Amino acid sequence: MHRSAPRLSRILACAAVPLMLVAVGCSSDSGSGSGAEGKKNAGSSSSGTGSTKPTKPAVEPAKFTDLPDACTSIAKKTIAELVPEAKKKGGTAGRSSDLSVRGSCSWNGLDDKGVKGSQYRWLDVAFTRFGSDQSLGSGAARATEDYTKQITKEKASEGAQKVAAVAAPGIGDEATAITYSLNKTDEDFENATIVARTGNVVVTLTYNGAGYAGAKTPSAADILKYAQKAAKEAVAAVGATAGSGSAEATPSAGGVAKKTPSAGKTEDDGKKDDKKASSKATAKS
């Protein structure tokens with residue numbers, strides 16, 4: 001009996017050893033797993049914070065920050081030559097909520113030659129300025145896009161015949177002359193539209209004429225020549241009277257501005273007004 005007691009103690013002690021080892025092993029495995037996971041998470045966090053997005057370069061500032069008065073952009077002498085007997089010598093200005101963005105002016109007149117008939121002439125000039133915008137692009141790029149659109153629109157004028165579009169060198173940075181014939185109110189009209197771009201400003205000048213009561217229709221060459229002359233003056237007026245050298249980089253032109261009669265309300269309204277003005281250019285008498 002006395003010998004069995006110590007022996008029983010030794011057996012119980014040996015049985016306890018594996019249980020302790022199992023506990024230690026589980027504890028060790030748990031610590032190792034969490035450590036690996038921690039390193040993985042740390043690595044992911046480190047790599048995530050290290051990536052950065054490249055910044056866009058700033059757009060080029062708009063060259064012009066204002067527009068000239070459309071009704072004084074063409075010399076009075078030129079108006080008298082192109083539109084004899086103009087109803088309003090000073091022209092009819094288009095309404096605009098922001099004249100620094102859009103502006104226009106038109107003249108029309110009927111020169112009565114008595115038994116020789118009458119000569120009708122119509123002249124319109126419109127300015128649109130585009131500002132630089134980080135998301136939309138530079139004013140010059142936006143103006144170039146609109147310049148192309150205006151040419152396409154003029155070439156597609158309703159009822160136009162013998163449409164021709166040629167470069168008009170010496171007028172702004174780039175210019176195109178669109179000419180065509182049109183029969184309206186039983187009279188033959190000759191039309192010339194000069195679309196020009198100077199910096200971030202697009203200038204659209206339309207000149208047309210017709211002979212009434214037996215008077216001879218003006219020649220297409222003369223209409224184009226006078227239109228180019230007036231367009232040069234209008235483009236020169238932008239550089240002479242409009243503000244320049246600004247660090248403008250906001251959409252303060254073109255897409256967000258308004259005009260009025262031939263000049264605009266919103267950009268879309270302005271396009272509608274321009275279309276109406278084009279129709280008047282060939283139908284008014």
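Remarks
- Long-range neighbours under 7 Å by Cβ, at least six apart or interchain, first residue in contact (Cβ under 8 Å) with a residue 40 or more places away in the chain within the stretch 55-72, second among the charged types (D, E, K, R) and assigned to a loop (DSSP other than H, G, I, E, B): P61/E248; A62/E248; T65/E248
- Scanning the stretch 76-116 for residues that are under 22 Å from P218 (Cα atoms) and of a type in the set (A, V, I, L, M, F, W, C) gives I79, A80, L82, V83, A86, W107, L110, V115.
- Leading residue by the ranking (farthest from A140 (Cα to Cα)) among those in the stretch 172-185 that are β-branched (V, I, T), at pLDDT 95 or above and open to solvent by 10 Å² or more (accessible area, probe 1.4 Å): T179
- Within this structure, K232 fails the test of being farther than 22 Å from E145 by Cα, at pLDDT 95 or above and not in a strand (DSSP E or B).
- Residue selection: A220 satisfies the criterion of being closer than 19 Å to L110 by Cα and without any contact (Cβ under 8 Å) to a residue 60 or more places away in the chain.
- Subset of the stretch 131-171 (residues that are under 16 Å from G199 (Cβ atoms), in a loop (DSSP other than H, G, I, E, B) and either in contact with a strand residue (DSSP E or B) (Cβ under 6 Å, 6 or more places away or on another chain) or without any contact (Cβ under 8 Å) to a residue 24 or more places away in the chain (or both)): I171
- Test: residue in the stretch 131-149 that is under 22 Å from P68 (Cβ atoms), out of contact with any Lys or Arg (no Cβ under 9 Å at 6 or more places or on another chain) and either crowded, with 24+ Cβ neighbours inside 10 Å or aromatic (F, W, Y) (or both): yes
- Taken as a whole, the structure leaves V125 outside the set of residues that are buried (at least 22 other Cβ atoms within 10 Å of the Cβ) and in contact with a Lys or Arg (Cβ under 8 Å, 6 or more places away or on another chain).
- Members of the stretch 99-115 that are among the aliphatic types (A, V, I, L, M) and free of Cβ contacts under 8 Å to residues at least 24 places away in the same chain: V115
- The stretch 186-226 - residue that is in a loop (DSSP other than H, G, I, E, B) and out of contact with any helix residue (DSSP H, G or I) (no Cβ under 7 Å at 6 or more places or on another chain) and, of those, surrounded by the most Cβ atoms within 10 Å (Cβ to Cβ): P218
The values are calculated or read from the model by the stated rules, or taken from the named source; none is laboratory data. Every value quoted in this text rests on a predicted model; they were computed, and no experiment measured them. Every residue, glycine among them, receives a Cβ derived from its backbone with ideal geometry; neighbour counts consider all protein chains shown. In case anyone asks, the SASA skips ligands and DNA or RNA and just uses the protein heavy atoms, side chains included. Shrake-Rupley method; radii C 1.70, N 1.55, O 1.52, S 1.80 Å.
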